[in-house]
Every structure is written in structure tokens, then in C-alpha cells.
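So the structure is just underneath, and the comments pick up after that.
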Amino acid sequence: RTEYDQLSIEQDKLKSNQNQLSSNQSQLSIEHDQLRSQQDHLKNNQSQLRSEHNQLRSDHSQISSNQSQLRSENNQLRSDHSQISSNQKFAAWIGLTDKKDEKNFVWVNGEGIKPDSEKCLPQRNTTSRAISKSCC
């Protein structure tokens, strides 16, 4: 009988171990599935990040191209401005206007111009928007 009891005890231990192993296997299987899910999620994120990275590279390239074009245009405008400034002299009378009647200048307060000052009135150049001063 002792041998039978020992075998029975051994059998119970083995069943307990088997149950523990089955439980461990189930737990590992669950963890495996979770890791697979996380891996898939990370792969999707990686793909999305690659796509965003490529879009950012494309945007950067376009911005760089636009920047170069704007620099070129800016340099041309500076050159044009410099050329215009060196070719023309500008004069302005602050407070003098011909807004109501072109070429009939009056002060903004409505007063007329003294006759001896008329020779110094600004003259509009018809070929450009420049105003030149015809004063001595």
C-alpha cells in the first residue's frame, strides 16, 4: 500500500505540475498575442512616420526652392531700386496736394500758394510716377 500511496501522491504532483504548465502556457500565449499586436501597431506607426518624413523632405525641398527664388527676386528688386534711385531725384512738398484739381496745387488746409513759390512746385513726369522739383 505504501507504494500505491506514493504513486498516488506522485500522480497528484504531476497533475498539479501539468495544470501549472497549462496555466503558464496560456499566460505565455496571451503575452505572445499582445506582443504581436504591439509589433503590428509599431509597424503601422513606422510606416506612417516614414510617410510623414518623406512629405517633410518634399516640403523642405519646395521651401528651399521658393527661398532661392525669393532671394533672387529680392536681389533684382534691390538692384532696380538702386538704379531708379540713382537715376531720379525725388522731391515732395509735405502738406501740398493737387487731389481736387490735378496740377492745381494747394496746401492741405485749403490755402493757395503764393505766386512767387509756383516756380518751385513739383512737376509730375508723365512717363514715370516720379515727381521732380523745378526749383533753382
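Assorted remarks:
- Against the numbered list (1) in contact with a helix residue (DSSP H, G or I) (Cβ under 9 Å, 6 or more places away or on another chain); (2) open to solvent by 90 Å² or more (accessible area, probe 1.4 Å); (3) not small (G, A, S), F105 comes up short only at (2).
- Meets criteria (surrounded by 10 or more Cβ atoms within 10 Å (Cβ to Cβ), at pLDDT below 90 and of a type in the set (D, E)) for D40: no
- Close pairs (7 angstrom Cβ cut-off, 6 or more residues apart or separate chains): open to solvent by 100 Å² or more (accessible area, probe 1.4 Å) in the range 50-79, among the aliphatic types (A, V, I, L, M) anywhere: none
The values are calculated or read from the model by the stated rules, or taken from the named source; none is laboratory data. All values derive from a computational prediction rather than experimental measurement. Cβ atoms come from the backbone with ideal geometry, glycine included; neighbour counts cover every protein chain shown. SASA here: full protein model, heavy atoms, side chains in, ligands and nucleic acids out. Shrake-Rupley method; radii C 1.70, N 1.55, O 1.52, S 1.80 Å.
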